[in-house]
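Okay, structure first, notes after.
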Amino acid sequence: MDEDLEVQQPATRTYWEDRSSREVLAIVDDLHAMIKTLDKDLELKYNRHFIGLARNGKPDNFVVFQPRKQWLRLGLALSQSHENTAALERAGLKPEYDPKWRRYVLNREPGDVSKDRDAIRAILAKALEEWD
């Protein structure tokens, strides 16, 4: 699965600003700031189909971002389990599981991250822990 994610064509932030919106990219920035508190070496990596993460220039996509015009599709590399689903539901995050990419998918709109900050940070930490 990650091999498909790694061979994506590069893009730029400007590409995503044109394709999405600055408000939605602000969600990506906010989430990236949370991720940096978990691992300072992870940087955003702009691709044509998604925004991923990279460590020392190499893909490290425990989270992928797919910005849309008015919302963000967030893919978390968490194993599908009753425990993970229940934790996401308890946090009010309304998860879906995408079996093709083996990721939980959350849709976030501007303002969602600030009201769900603690729950999202905990889920990001769990995804990073499982990934490593």
Elements of type helices (runs of 4 or more DSSP H) contained in region 30-132, each with 3 or more residues being more than 26 Å from Thr12 (Cβ to Cβ) and more than 14 Å from the chain's Cα centre (by Cα): 82-90, 117-131
Looking only at region 105-122, and only at residues there that are of a type in the set (A, V, I, L, M, F, W, C) and either in contact (Cβ under 8 Å) with a residue 60 or more places away in the chain or touching a Pro at 6+ places or on another chain (Cβ under 9 Å) (or both), the one that is nearest to Asp29 (Cα to Cα): Val113
Yes/no for Ala125 being of a type in the set (A, V, I, L, M, F, W, C), out of contact with any strand residue (DSSP E or B) (no Cβ under 8 Å at 6 or more places or on another chain) and farther than 19 Å from Val28 by Cβ: no
Near pairs, Cβ below 7 angstrom, 6+ apart or cross-chain, from region 80-91 (touching a residue at least 40 places away in the same chain (Cβ under 8 Å)) to any residue that is surrounded by 11 or more Cβ atoms within 10 Å (Cβ to Cβ) and not polar (S, T, N, Q): Asn84/Leu78; Asn84/Tyr104
Residues (in contact with a strand residue (DSSP E or B) (Cβ under 8 Å, 6 or more places away or on another chain) and surrounded by 16 or more Cβ atoms within 10 Å (Cβ to Cβ)) located in region 89-100: Leu93, Pro95, Tyr97
Of all residues in region 26-43 being of a type in the set (A, V, I, L, M, F, W, C) and touching a strand residue (DSSP E or B) at 6+ places or on another chain (Cβ under 6 Å), the one that is farthest from Arg73 (Cα to Cα): Leu42
Where Leu53 falls short, out of the listed (1) farther than 25 Å from Asp18 by Cβ; (2) among the hydrophobic types (A, V, I, L, M, F, W, C); (3) crowded, with 19+ Cβ neighbours inside 10 Å: (1)
Conditions (1) at pLDDT below 95; (2) out of contact with any Asp or Glu (no Cβ under 7 Å at 6 or more places or on another chain); (3) surrounded by fewer than 20 Cβ atoms within 10 Å (Cβ to Cβ); number of the one not met by Ile120: (3)
Residue match in region 7-26 (condition: under 23 Å from Glu129 (Cβ atoms) and in contact with a Lys or Arg (Cβ under 9 Å, 6 or more places away or on another chain)): no
Search result, residues across region 56-85 that are buried (at least 20 other Cβ atoms within 10 Å of the Cβ) and among the basic types (Lys, Arg): none
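The values are calculated or read from the model by the stated rules, or taken from the named source; none is laboratory data. Since we're looking at a predicted model, the values are computed, not measured. Virtual Cβ from ideal backbone geometry, glycine too; neighbours counted across all protein chains shown.
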